[in-house]
Amino acid sequence: MRKIIDNSRSPEKKRPQIGHYGHLRKAYLEGYRPDLYAALIVSEQLYEHCAEIEAAVRSRLDIIIPQLAANAGATEALKAQDPMKWVGLMNAYKAQAEEIVKFELIYD
């Protein structure tokens, strides 16, 4: 006896992976923008939207952090001379850059 395969249903769309910033965006939409959140769910675009936000945030961080470090003088010479100070400065710049992108991209 042959099995009949039903191909009438379209295959399920694979959801894109979202990281930390995508999850922050999703939580923000769910809590503070319920209409937009519902519209994205209905249109099956929520995960694509969050993945786009994730990519945009990471791209902006890759631009902002080196600019902050260069403006403040966190150079390779400082890294070689006082690594702990350099790490502390870089952590501060990363936190500052994250606040900027959260305001610009996630909580907008």
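Read-outs throughout are calculated quantities, based only on the coordinates presented, and are distinct from any laboratory measurement. Source: prediction; values computed, not measured. No Cβ is skipped: glycine too gets one built from the backbone with ideal geometry, and neighbour counts run over all protein chains shown.
Per-residue 3J(HN,Hα) values for region 80-95, derived from phi via the Karplus relation 6.51 cos²θ - 1.76 cosθ + 1.60 with θ = phi - 60°, read 6, 6, 9, x, 5, 5, 4, 4, x, 5, 5, 5, 5, 5, 5, 4 Hz in sequence order (x marks Gly and Pro). For q = 0.16, 0.17 Å⁻¹, what log10 I(q)/I(0) does region 20-106 give under the Debye formula with an equal point scatterer on each alpha carbon and no solvent? For the requested q values the scattering log ratios are -0.67, -0.72. In the chain, the DSSP-assigned H stretches of four residues or longer account for a calculated mean residue ellipticity at 222 nm of -22500 deg cm²/dmol, using -39500 (n - 2.57) per stretch and the full residue count as denominator. Phi-derived couplings, Karplus 6.51 cos²θ - 1.76 cosθ + 1.60 at θ = phi - 60°, listed residue by residue for region 29-39: 4, 5, x, 10, 10, x, 5, 5, 4, 5, 5 Hz, with x used for Gly and Pro. Phi-derived couplings, Karplus 6.51 cos²θ - 1.76 cosθ + 1.60 at θ = phi - 60°, listed residue by residue for region 51-64: 5, 5, 5, 4, 5, 5, 5, 4, 5, 5, 4, 5, 8, 6 Hz, with x used for Gly and Pro. Taking Cα centre as origin and charging only the Cβ of basic (Lys, Arg, +1) and acidic (Asp, Glu, -1) residues, the dipole magnitude of region 20-106 rounds to 280 debye.
Between Trp86, Ala56, Gly22, the Cα set farthest toward the positive side of the dipole of region 20-106 (charges on each charged residue's Cβ, about the Cα centre) is that of Trp86.
So for region 20-106, averaging the separation of alpha carbon pairs under 8 Å that are six or more residues apart and normalising by length, what relative contact order in percent results? Walk me through the numbers on the way to the answer.
Numbers: 55 pairs, mean separation 29.5, N = 87.
That works out to 34 percent.
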